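Data first, discussion second: the structure below is written as structure tokens.
The values are calculated or read from the model by the stated rules, or taken from the named source; none is laboratory data. Because the structure is a prediction, the values reported are computed rather than measured. So basically every Cβ, Gly included, is an ideal-geometry build from the backbone, and we count neighbours across all protein chains shown. Calculation scope for accessible area: heavy atoms of the full protein, side chains included, ligands and nucleic acids excluded. Shrake-Rupley method; radii C 1.70, N 1.55, O 1.52, S 1.80 Å.
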Amino acid sequence: MKVQGTDMILPLLVLVIIGTVWGLDNGLARTPPMGWMSWQRFRCITDCENEPKNCISEQLYKDMADRLVSDGYAAVGYEYVNIDDCWMAKERDANDRLQADPKRFPNGIKALADYVHGKGLKLGIYEDFGTHTCGGYPGSKFYMQLDAETFASWGIDSLKLDGCYTETADIPIGYPIMEQFLNLTGRPILYSCSWPAYLQKPTYQAIAKSCNIWRNYGDIQDSWGSVESIINFYGKDSGNFSSVAGPGNFNDPDMLIIGNFGLSYNQQRVQMAMWSIMAAPLLMSNDLRNIRKESKDLLQNKGAISINQDPLGIQGRLIHTAGKIQVWNKPITPQGNFAFAILNFGDGGPGSLISVKGATLGLVDDRGYNITDAFTGEYRAAVKPNSYFNLTVVPSGVFLGKAYLLK
Ligand code: GLA
């Protein structure tokens, strides 16, 4: 079936009827998905002659799949290997099917999926809802059902559907249509939408009905300024988008850039802590073949990951601001416990001496709490709603805590 902008309404009606029965019920992303994605680090490099290690090719994804397993990432939960833009040939094949660039993917995507599955991992792919991908490759407009079927036949486990080269008015109509076509394939395919990222005032309830995860802010870049602006956007939480997060549905503040060039070690700790508090997908975009041990250890930190992967799936919120200091809180299991972050966006001096009441951290039960440092597991203090927790947080630094309710 070809779906065109002008005659989208009829297929939509049919699909809405199917949708009332099906909904987005693919059983996926019960906790935020974890894995690796090529875009931020490897962009749209297609020149394999001059950049053999960095170009978008089957070798790149195989190398990353190998590293996920051999270097301990898979063991702590990273499982998706996500192809991003620029994997395709510039034209569809004679039957209108998408095809991978034959030079860079000589064995095709199905063989790559088999390889990745053979390692116990999952393969994700990238397409675009419009006529072209953001990088100028063939888009899904007019071919959505065929593309969903092609991805399923290749054994794809996750689809990031971007929103370049389309009318924004078509976006709220078109993304649910792709959801239905994915459902119709019968293969569980995690659905990652860029729907809200292209709209001024997205309707998050509708998005959460159709998508497992969704980008709602600009692209992350390899810089502290970029990380800071994303955290501040999530802190503002306009339209209360945090409230729709939960098992099966998560806001996506974009990739982890830990292990690249732009962040100091402390800033990398902030990204890991805050992506955990925000219940964000943990999709690394770095070069796992060439990464410092300190970055690798952060990415594999079990305390942070357990906050991110908490089964309640609640997105943490900014609950208090004092100058450049922010306090974030995220309820976690067992009932009554919390994770929290005290973040210092200051940019000078030896660190801020902070004295904060338990209640200001969101710790309001009179029985009190034991606080540990989530990164190290170290015990730090016992705190009641009206007693103070004292600590120093360095500039562009964070304290990531866990608070255990005393019984
Ligand atoms: C958009 C997306 C990015 C990436 C590029 C690819 O900018 O937001 O994450 O997928 O397109 O061209």
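Tabulated data for the structure shown
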{"item": "Accessible area of the chain belonging to carbon and sulfur atoms, whole % at 1.4 Å probe", "result": "52"}
{"item": "The chain - percent relative contact order, Cα under 8 Å, separation 6 or more", "result": "14"}
{"item": "Distribution of pairwise C-alpha distances over region 155-234, 5 Å bins, in %", "result": "3, 14, 24, 21, 17, 12, 6, 2, 0"}
{"item": "Along the chain, longest interval not containing exposed GluC sites (Glu not before Pro), exposed being DSSP loop plus at most 12 other Cβ atoms within 10 Å", "result": "168-377"}
{"item": "Prolate/oblate/rounded call for region 289-372, Cα gyration tensor, a/c under 1.5 rounded", "result": "oblate"}
{"item": "Placed amide H near residue 319: partners under 5 Å, 5+ positions off or other chain", "result": "327, 328, 329"}
{"item": "The chain - accessible surface per residue (Å², probe 1.4 Å)", "result": "40"}
{"item": "Estimated [θ] at 222 nm from DSSP helical runs (n ≥ 4, -39500 (n - 2.57)) normalised by residues in the chain, nearest 500", "result": "-8500 deg cm²/dmol"}
{"item": "Separation of alpha-carbon centers, region 103-137 and region 139-203, rounded to whole Å", "result": "15"}
{"item": "³J(HN,Hα), Karplus 6.51/-1.76/1.60, whole Hz, each residue of region 262-267, x for Gly, Pro", "result": "x, 10, 5, 4, 5, 5"}
{"item": "Protection proxy ranking, peptides 230-237, 155-162, 185-192, average beta carbon neighbours within 10 Å, highest first", "result": "155-162, 185-192, 230-237"}
{"item": "For region 23-70, convex hull of alpha carbons as volume per residue, Å³", "result": "122"}
{"item": "Amide H contacts of residue 374 (H built 1.01 Å from N, under 5 Å, at least 5 apart or other chain)", "result": "400, 401, 402"}
{"item": "Projected area averaged over orientations for region 83-196, convex hull of C-alpha atoms, nm²", "result": "6.7"}
{"item": "Distance violations [Cα-Cα > 26 Å] among 324/357; 302/330; 296/384; 236/324", "result": "296/384"}
{"item": "Alpha-carbon Rg/Rh ratio, for the chain, with Rh computed the Kirkwood way", "result": "0.99"}
{"item": "Placed amide H near residue 84: partners under 5 Å, 5+ positions off or other chain", "result": "38, 39"}
